[in-house]
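Below is one structure; the comments refer to it alone.
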Amino acid sequence: MKKLIMAIGAAMMFAAGPAFAGEAALTADAAKRFVASLPSVESLGKKLEAEGRTDEMRVDTQPKPGEEFKPFSNAVKSLKVKYPSDYGQLSSALKPHGFNAEDWGLAGDQVMIAYLALKMEKENPGVMAQMEAIDPEMLKMMPPEMKAQMEQAKMMMATVAAASPEDKKAVAEVEDELDAYMESQASQHSMH
């Protein structure tokens with residue numbers, strides 16, 4: 001569970017990471033190109049962090065109650081609105097990987113959700129049932145902020161549980177690379 005939480009935490013950061021109705025299935029090629037793009041995007045993320053601009057971004061990548069979990073496409077939208085010149089830099093950094101910023105965001109959502117689904121299935125297959133089993137009466141007694149966090153977590157878990165088999169198959173081909181990337185992210189952030 002600790003690794004799953006770390007992975008989710010990394011996904012919430014801009015520089016980390018299901019096929020929703022109407023989206024094409026993720027291809028192994030797109031998953032590989034997405035993973036290959038992460039170091040380029042990370043350098044931009046570090047620049048934004050150094051300038052103190054990622055706190056705003058991080059909040060925007062967390063779904064609000066009732067919203068879908070789309071960490072990368074939400075970050076791209078936020079960057080486009082708040083920091084257009086950095087959005088331009090992101091677009092330039094992604095071009096060699098065959099993405100425009102929006103396509104990269106959508107691919108990132110699919111990769112991250114399928115990755116979390118694979119991790120959940122391996123490390124804690126009963127977690128969704130545990131979330132569903134939470135007594136609604138207990139939820140009512142929680143402080144509003146905690147209740148909202150629980151609802152966000154349930155919504156995110158439902159999105160992860162709905163990851164398509166095609167997306168999971170594509171991401172399984174880059175899972176080792178994603179594991180290494182997530183571990184490097186976690187160790188970098190634990191040093192701060």
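The values are calculated or read from the model by the stated rules, or taken from the named source; none is laboratory data. Remember, it's a predicted structure, so these values are computed and weren't measured experimentally. Glycine also receives a Cβ, built like all others from the backbone with ideal geometry; neighbour counts cover every protein chain displayed.
Numbers below:
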| read-out | value |
| --- | --- |
| Within segment 135-172, tally of residues that are modelled with pLDDT of 85 or more, of a type outside the set (A, V, I, L, M) and either outside any loop (DSSP other than H, G, I, E, B) or loosely packed, with under 15 Cβ neighbours inside 10 Å (or both) | 9 |
| Criterion: of a type outside the set (Ser, Thr, Tyr), closer than 22 Å to residue 30 by Cβ, within 18 Å of the chain's Cα centre (by Cα) and surrounded by fewer than 14 Cβ atoms within 10 Å (Cβ to Cβ) - qualifying residue of 109, 176 | 176 |
| Where residue 19 falls short, out of the listed (1) at pLDDT below 90; (2) assigned to a helix (DSSP H, G or I); (3) not acidic (Asp, Glu) | (2) |
| So residue 11, is it within 25 Å of residue 183 (Cβ to Cβ), touching a helix residue (DSSP H, G or I) at 6+ places or on another chain (Cβ under 8 Å), at pLDDT 85 or above and not aromatic (Phe, Trp, Tyr) | no |
| Boolean, residue 82 is more than 18 Å from the chain's Cα centre (by Cα), within 30 Å of residue 48 (Cβ to Cβ) and among the basic types (Lys, Arg) | yes |
